[in-house]
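Colleague: Just passing along the structure, written as structure tokens.
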Amino acid sequence: MTLTQQIITIAVVVAATVFTRFIPYIAFPEGKRIPDFVHYLGKYLAPAVFGMLVVYCFKNVSFTSGSHGIPELLAGAAVVILYLWKRNMILPIAGGTILYMILVQTVFR
């Protein structure tokens with residue numbers, strides 16, 4: 001990429017980030033009632049996304065060959081335990097990923 005292309009790319013990324021940060025304040029100004037569907041999305045969208053992520057993570061796991069899904073199940077259990085312990089998403093995601101990588105690169109080669 002040329003310098004001009006890099007500058008344009010960075011400018012577009014910055015503009016898109018700023019735009020997405022200000023949309024909620026423009027669409028739902030203070031004092032205005034928030035629509036029911038936005039409350040619905042706020043309540044159910046995050047669990048739905050995480051459910052979809054779990055399905056995606058386990059979709060290619062073979063329980064009949066290789067390591068029989070043991071590293072995936074252990075890392076998944078670690079994510080659940082860490083989340084229930086700290087109620088924070090960063091620690092479980094990082095901890096589960098690190099545990100999985102350690103297991104597949106050292107224990108289940």
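Every number here is computed from the coordinates shown, using simple stated rules; none is lab data. Only a predicted model underlies this, so the values are computations on that prediction, with no experimental measurement involved. All Cβ positions, even for glycine, are placed from backbone atoms using ideal geometry, and neighbour counts span all protein chains on display.
Colleague: Quick one: which of 69-82, 32-45 comes out on top by average Cβ neighbours within 10 Å, and what's the full order, highest first?
Modeller: On the way: 69-82: 17.1, 32-45: 9.6.
Peptide ranking by packing, descending: 69-82, 32-45.
Colleague: What distance in nm lies between label points placed 7 Å from Cα along the C-beta direction at Arg109 and Leu73?
Modeller: Calculated label separation equals 2.4 nm.
Colleague: In debye, nearest 20, what is the charge dipole magnitude of the stretch 27-99 about its Cα centre with +1 on Lys and Arg Cβ and -1 on Asp and Glu Cβ, if you could check?
Modeller: Here the size comes out at about 180 debye.
Colleague: Using only the Cα atoms of the chain, what do you get for the radius of gyration and for Dmax, in Å?
Modeller: Taking only Cα atoms of the chain, I get Rg and Dmax of 20.6, 58 Å.
Colleague: Would you mind calculating the relative contact order of the chain from Cα pairs under 8 angstrom and at least 6 residues apart, reporting the percent as a whole number?
Modeller: Rounded, it is 16 percent for the chain.
Colleague: Multiply the residue gap between His39 and Gln6 by 0.36 nm, knock off their C-alpha separation, and tell me the result in nm, one decimal place.
Modeller: Gain in length upon complete extension: 8.0 nm.
Colleague: Please give the FRET efficiency for Val14 paired with Val55, using the beta carbon to beta carbon distance and R0 = 30 Å, rounded to the nearest 0.05.
Modeller: That gives a FRET efficiency of 0.30.
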